[in-house]
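Coordinate-derived values only; no laboratory data. Because the structure is predicted, anything quoted here is derived from the model rather than measured. When we count neighbours, we look across all protein chains shown, and the Cβ atoms used for this are built from the backbone with ideal geometry, even at glycine.
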Amino acid sequence: MKVLISLLAIAASGFGATLPGPPGATPMPAAGPAGMAAVPSAAPAPVAAPLRQMTVRIKDIAHIQGARENQLIGYGLVVGLNGTGDSSTLARDVIRNFLERLRVSVDTKALDAKNAALVTVTATLPAFARPGTRIDVLVSSLADAKSLQGGVLLQTHLVGADKQVYAIGQGPVSIGGFAAGGAGASIQKGHPTVGNVPNGGLIERAVPVTLSTDSTLTLCLREPDFTTSARVAEAINQVIPGSARPLDGGSVAVAIPPDRREPDQLVPFIARLEEVQVRPDAVARVIINERTGTIVTGARVRIAQVAIAHGSLVFITRESAEVSQPAPFSDGQTVVTPSTQLEVHEPERSVIVLDEAPTVADVARALNALGVKPNDMIAIFQAIKQAGALPAELIVQ
């Protein structure tokens with residue numbers, strides 16, 4: 001047993017805690033179990049300092065409904081590869097269709113697709129993007145190409161969910177790595193079958209954007225929360241009285257004043273809204289990454305009164321062989337007998353008593369004082385959650 005974790009409520013355990021008595025009586029410390037070194041709470045628990053919540057702009061936590069990005073997709077050919085392309089018949093058919101569009105007739109059997117690869121092409125169309133704007137394009141191999149290194153993406157139509165063409169992709173592919181090898185060994189850096197075409201997408205069609213409906217703007221929170229929604233409406237009403245009302249936990253409606261409804265006045269009005277300061281709220285949450293031993297927590301996470309005992313029991317076993325040699329000229333035989341030495345070390349365990357409402361940072365500092373390793377600390381936090389003393393969402397990755 002490597003780790004011993006004991007989580008007990010203070011009222012039930014009283015390990016090193018100060019037991020309450022009648023009014024006016026002197027508190028008496030409770031005796032802990034034998035062999036358990038307790039850290040008593042001699043002084044009353046200090047009052048927790050108020051949480052310092054940061055103030056952010058509305059534009060950092062919300063966006064205007066209608067002003068959104070759109071995803072584009074297409075498929076095309078990457079050519080110019082050094083024998084690392086596709087070997088499938090599908091790539092040959094695509095090459096033949098491409099050449100036929102250029103009025104070049106060719107027999108599919110005569111094509112060799114080793115220097116070409118069939119790829120999917122994806123991009124994100126930003127809001128308010130106009131024709132002629134350049135965007136980045138991502139290409140990914142569809143078949144059995146070994147690498148896209150040194151390839152060039154041929155002209156590819158990028159369509160939206162409505163099957164309309166909104167951009168054209170073309171240009172040299174950058175994979176940010178390499179792949180090389182021979183019959184006996186190979187080396188690879190990065191992911192050679194996925195690449196980027198910087199500024200390789202040219203927007204051909206703009207997406208119409210409708211910002212207001214019935215002279216009303218709708219702010220959509222990126223992290224829906226009822227408290228934050230109410231605070232956003234309150235902050236806007238302090239700047240523009242009576243204009244905002246929360247619709248639900250994820251959206252706030254803002255009435256546009258009559259003198260701000262023209263396009264040349266609407267943009268400055270939205271810019272003014274985006275600069276309004278607000279204090280967002282968030283759910284108490286603890287994120288634990290067991291692979292890296294990382295623990296991240298928010299400022300609102302608090303822990304109820306608990307006692308934490310941590311210790312370890314170490315067994316050391318040594319095996320050795322002893323040879324028994326008979327006397328000279330005797331009829332005895334040489335015998336090898338095993339010898340086992342067993343040592344048991346049980347370090348003195350400690351119990352930490354935490355007053356009510358300590359932060360996770362307080363618990364981490366107390367556990368560090370005991371020499372608790374990161375993996376053991378993660379197990380302790382999981383046990384605190386199971387004991388009902390951690391009123392927060394625990395996410396283990």
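Please compute the net charge surrounding residue 61, taking Lys and Arg as +1 and Asp and Glu as -1 over other residues with Cβ under 12 Å from its Cβ.
Values: positive: 57, 59, 222, 231, 279; negative: 60, 223, 225, 274, 281.
Combined, the nearby Lys, Arg, Asp and Glu give 0.
From the phi angles alone, apply the Karplus equation (6.51, -1.76, 1.60; θ = phi - 60°) to segment 146-151 and give each ³J(HN,Hα) in whole Hz, x where the residue is Gly or Pro.
7, 7, 9, 4, x, x
Using modelled amide H (1.01 Å from N, peptide plane; none on Pro or chain starts), what sits under 5 Å from the amide H of residue 167, excluding residues fewer than 5 places away?
Amide H neighbours of residue 167, under 5 Å, 5+ apart: 158, 204.
What is the gain in length, in nm to one decimal, between residue 104 and residue 334 on full extension, counting 0.36 nm per residue of separation less the C-alpha to C-alpha distance? It would help to have the intermediate numbers written out before the result.
Details: separation 230, 0.36 × 230 = 82.80 nm, distance 9.09 nm.
Gain in length upon complete extension: 73.7 nm.
By count of other Cβ within 10 Å, fewest leading, how are 269, 98, 226 ordered? The partial results should precede the final answer.
Working: 269 20, 98 17, 226 13.
Ordered by Cβ neighbours within 10 Å, fewest first: 226, 98, 269.
List the residues whose amide H sits under 5 Å from the amide H of residue 62, counting only those 5 or more places along or on another chain, with H placed 1.01 Å from N in the peptide plane.
222
Work out, step by step, the length gained on full extension between residue 87 and residue 227: first 0.36 nm times the residue separation, then minus their alpha carbon distance; give nm to one decimal.
Numbers: separation 140, 0.36 × 140 = 50.40 nm, distance 5.73 nm.
Between residue 87 and residue 227, full extension yields an extra 44.7 nm.
What is the gain in length, in nm to one decimal, between residue 234 and residue 386 on full extension, counting 0.36 nm per residue of separation less the C-alpha to C-alpha distance?
50.9 nm is the gain from fully extending residue 234 to residue 386.
Between residue 215 and residue 124, what is the spin-label point distance in nm, taking each point 7 Å from the Cα along the Cα→C-beta axis?
Spacing of the two 7 Å Cα→Cβ label points: 3.6 nm.
Tell me which of 277, 232, 303 sits at the most positive position along the dipole axis of segment 197-308, charges placed on C-beta atoms (Lys, Arg +1; Asp, Glu -1).
Positive-end residue among those listed: 303.
For residue 85, enumerate residues with amide H under 5 Å from its amide H, sequence gap 5+ or separate chain, H modeled in the peptide plane.
The list, which skips near neighbours in sequence, is 115, 116, 146.
Counting other C-beta atoms within 10 Å, which of 335, 119 has the fewest, and how do the rest follow? Numbers along the way, then the final one.
On the way: 335 10, 119 28.
So the ranking, lowest neighbour count to highest, is 335, 119.
What FRET efficiency comes out for residue 274 versus residue 79 if R0 is 41 angstrom and r is the Cβ-Cβ distance? Round to the nearest 0.05. Mind dumping the intermediate values first?
Details: r = 45 Å, r/R0 = 1.10.
Plugging the Cβ-Cβ distance into 1/(1 + (r/R0)^6) gives 0.35.
Give me 95, 240 ranked fewest to most by other Cβ atoms within 10 Å of their Cβ, as a rough exposure proxy. Intermediate values should be presented prior to the final figure.
Details: 95 23, 240 17.
Lowest count first: 240, 95.
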